[in-house]
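So the structure is just underneath, and the comments pick up after that.
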Amino acid sequence: MKTPVDIWVELGARLSSFGQDAASREVIVRACQKNDWFEPEEIVDAVRSIREEFLSRDKIEHWLACYERPATLPSRTVLVVMAGNIPLVGFFDLLCVVTAGHRCLVKMSSKDAVLMSFVIDQLKKIEPGVPVAVYDGATPFDAVIATGSDNANRYFRSLYAGVRTLLRGNRHSVAVLNGRETSGQLEALSDDIFSYSGLGCRNVSLIFVPRGISLCFASRRMNPKYLNNYRQRKALREMCGDPFSDSGFALLIRQPEFPQALSEVS
């Protein structure tokens, strides 16, 4: 059987043409039909990022070199309950479980089932014995990794009480500027804010800037569902007389708290 490192490297090679051939383009179309928050170019970008950051032999071996691994490690079955807010958001948990020598049971989000099923299928083609299976609801497991909202997190704590767990709830990201950022850095910040319609836990939604500094973002194409949110929030703030600056696709709000809507940046 191939080693986990060899499996990941070969998966990276298989994903090198993702979005360029008919088969993967069909996968992208089905993924967008299943989740209309997904955009084709962002799916391709997510796969590219996974391939470049996670599936390079040098990067995997450098990552593993940071950890001491016991000579004998008991293999366990780990259930991974995946989110579906951005494309393949649960992939890293899958990679970690398998690389650590454990069996991974994947409970996919219905919002990301097309892409995750595609990846699992590729893994099975690379190595039929790879310890990955779609959870059938009955197979016993030793531990759980679950990601979701704070409400889902409370449900997970009750559902998996008595089992070893790693649970994640809502998370938010902050950017701190000093006023000397280059145009390239501000463009990268724009990507950090608006990629994947701002749905990722790493999407920045609260920015601290020096007094007197004004932010502006270059026009970009946004998902129709996001734009509906933007129009609704803009109309609501106008009716209530709440102050804001309008970028044309996002509302800039002067407040020290995280905003409540996708289309608002504090």
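None of the figures in this text is laboratory data; all of them are computed from the coordinates on show. Keep in mind that this is a model prediction, so the values were computed, not measured. Virtual Cβ from ideal backbone geometry, glycine too; neighbours counted across all protein chains shown.
Counting other Cβ atoms within 10 Å, keep those with at most 11, restrict to DSSP loop, and tell me which GluC sites (Glu not before Pro) in region 49-81 are left.
Numbers: sites: E52, E53, E61, E68; in loops: E68.
Sites meeting the loop and neighbour criteria: E68.
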_Using a Debye calculation, one point per C-alpha and no hydration shell, please list log10 I(q)/I(0) for region 173-228 at q = 0.13, 0.24, 0.31 Å⁻¹ in order._
-0.34, -1.04, -1.38
*Restricting things to alpha carbons, tell me how big region 131-266 is in terms of Rg and Dmax, in Å.*
19.1, 59
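Restricting things to alpha carbons, find the Rg to Rh ratio for region 40-183 using the Kirkwood radius for Rh.
Details: Rg = 17.1 Å, Rh = 17.0 Å.
Rounded to two decimals, Rg over Rh is 1.00.
What chymotrypsin sites (Phe, Trp or Tyr not before Pro) in region 87-189 are in a loop by DSSP, with at most 12 other Cβ atoms within 10 Å of the Cβ? Show your work: numbers first, answer last.
On the way: sites: F91, F92, F118, Y135, F141, Y155, F156, Y160; in loops: Y135, F141, Y160.
Sparse-neighbourhood loop chymotrypsin sites (Phe, Trp or Tyr not before Pro): none present.
Tell me the Kirkwood radius of the chain: reciprocal of the mean inverse pair distance over distinct alpha-carbon atoms, in Å. Numbers along the way, then the final one.
Working: mean 1/r = 0.0485 Å⁻¹.
Hydrodynamic radius (Kirkwood, Cα only) of the chain equals 20.6 Å.
What does the charge count near C201 come to, summing +1 for each Lys or Arg and -1 for each Asp or Glu among other residues with Cβ under 10 Å from its Cβ?
Working: positive: R168, R171, R202; negative: none.
Every neighbour counted, the sum reads +3.
Rounded to the nearest 20 debye, what is the charge dipole size of the chain about its Cα centre when +1 sits on each Lys and Arg Cβ and -1 on each Asp and Glu Cβ?
500 debye
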*Computed P(r) (all Cα pairs; region 1-64; 10 Å bins; percent)*: 21, 43, 27, 9
